[in-house]
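J.: Take this structure first; my questions come after.
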Amino acid sequence: MKKKAFGIVLLVLAAWILLQGNFGIPSLDGKIWPLIGIAFFAYQSVEALLRRHLTSAVFTALVALMITNHFYNIFPIPNQSLFWASILAVLGVGYLTHSSKFWYGKKWWYNGERTVITDKEVAFGSGTFYKQDQDLVDDQVEVAFGDAKIYYDNAEMLGDFATLNIEVAFGNATVYVPQHWRVDLKVETSFGAAKADAPVAPTSKTLIIRGEVAFGKLGVVYVK
């Protein structure tokens, strides 16, 4: 899904660069850096659209449009008007699609005590997730413009180690682990931070955390 979204965005940007100044396509005028922000929000929009999350797709598309209009003056409309129109458009889409939140839908089940979420993706919101697997091997979490808390305090690994793949962009994620686990952080950071507390008890289990943190923060906390 991500590769498709990223591929679509790259093709559109490539066409823009090649055709700028022709066929009514605005010229970049040497302003290349804004393309990074445009590409990021366009990517988020396409990915949300492929997942059929219309509210998130419209919101991120309009942010990309506002950045584009600010630097390249595509429309004869002030950005302030575009901003308020964007808010109304997002609210309208949210009501039409019966979704008032800007974060992705989750697959979940209830075990009689608390909700357990199995599809851990957060965008433009917050989420708390409980993992209760007794044979944990690997897991995945994605956070964009949001805050996530992931609890593994009632989980057990199948072997001596398990892997968590995590991506954080413009957000925060906190992972809560049992005292008898060791955490091996192998996370790349770009204008972000990743930190894990030291284990508080002897351990033979290792949680390997891989992924990326960009303009965000990842923390690992031991549950007492």
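J.: Suppose the filter is in contact (Cβ under 8 Å) with a residue 12 or more places away in the chain, under 21 Å from Ser126 (Cα atoms) and either crowded, with 19+ Cβ neighbours inside 10 Å or of a type in the set (A, V, I, L, M, F, W, C) (or both); does Phe170 pass it?
T.: Values: in contact (Cβ under 8 Å) with a residue 12 or more places away in the chain: yes; under 21 Å from Ser126 (Cα atoms): yes; either crowded, with 19+ Cβ neighbours inside 10 Å or of a type in the set (A, V, I, L, M, F, W, C) (or both): yes.
Taking the combined requirement at face value, the residue satisfies it.
J.: Across region 29-70, which residue is modelled with the lowest pLDDT among those that are aromatic (Phe, Trp, Tyr) and buried (at least 17 other Cβ atoms within 10 Å of the Cβ)? So that I can check it myself, show each step before the final result.
T.: Applying the first criterion (aromatic (Phe, Trp, Tyr)) to region 29-70 yields 33, 40-41, 43, 59.
Next, from what is left, pick out any that are buried (at least 17 other Cβ atoms within 10 Å of the Cβ): 40-41, 43, 59.
Values: Phe40: 84, Phe41: 86, Tyr43: 80, Phe59: 84.
The residue in question is Tyr43.
J.: Does any residue of region 78-98 turn out to be at pLDDT 65 or above, in the same structural domain as Tyr43 (by TED's automatic domain parsing) and outside any helix (DSSP H, G or I)?
T.: yes
J.: Let me ask something else. Report, ordered by the first and then the second residue, all pairs with beta carbons closer than 8 Å, sequence separation of six or more or different chains, a first member in region 35-46 that is within 13 Å of His70 (Cβ to Cβ), and a second member that is among the aliphatic types (A, V, I, L, M) and modelled with pLDDT of 85 or more.
T.: As it stands, the answer is Gly37/Ala64; Gly37/Ile67; Ile38/Ala64; Ile38/Ile67; Phe41/Ala61; Phe41/Val63; Phe41/Ala64; Phe41/Ile67, since those pairs meet every condition given.
J.: Hey, another quick one. Between residues in region 187-200 that are under 12 Å from Gly219 (Cα atoms) and residues that are at pLDDT 80 or above and of a type in the set (Asp, Glu), which pairs lie under 8 Å by C-beta distance while being six or more apart or on different chains?
T.: Here the result reads Val187/Glu212, each pair linking region 187-200 to a residue that is at pLDDT 80 or above and of a type in the set (Asp, Glu).
J.: For region 165-214, which positions are among the hydroxyl-bearing types (Ser, Thr, Tyr) and farther than 17 Å from Glu142 by Cβ?
T.: Applying the first criterion (among the hydroxyl-bearing types (Ser, Thr, Tyr)) to region 165-214 yields 174, 176, 189-190, 203-204, 206.
Within region 165-214, Tyr176, Thr203, Ser204, Thr206 meet the criteria.
J.: Looking only at region 183-207, filter to residues that are surrounded by 11 or more Cβ atoms within 10 Å (Cβ to Cβ), of a type outside the set (Asp, Glu) and over 21 Å from the mean Cα position of the chain (by Cα); which one of those is farthest from Met157 (Cα to Cα)?
T.: Filtering first and then ranking leaves Val200.
J.: Kindly check whether there is at least one residue in region 198-219 that is of a type in the set (Asp, Glu), under 27 Å from Gln44 (Cα atoms) and out of contact with any helix residue (DSSP H, G or I) (no Cβ under 9 Å at 6 or more places or on another chain). Full working, then the answer.
T.: Taking region 198-219 first, the residues of a type in the set (Asp, Glu) are 212.
Cutting the leftovers down to under 27 Å from Gln44 (Cα atoms) gives us 212.
Narrowing further to those that are out of contact with any helix residue (DSSP H, G or I) (no Cβ under 9 Å at 6 or more places or on another chain): 212.
Scanning region 198-219 turns up at least one residue that is of a type in the set (Asp, Glu), under 27 Å from Gln44 (Cα atoms) and out of contact with any helix residue (DSSP H, G or I) (no Cβ under 9 Å at 6 or more places or on another chain).
The values are calculated or read from the model by the stated rules, or taken from the named source; none is laboratory data. Every value quoted in this text rests on a predicted model; they were computed, and no experiment measured them. Note that we place each Cβ from the backbone using ideal geometry, even for glycine, and neighbour counts take in every protein chain shown.
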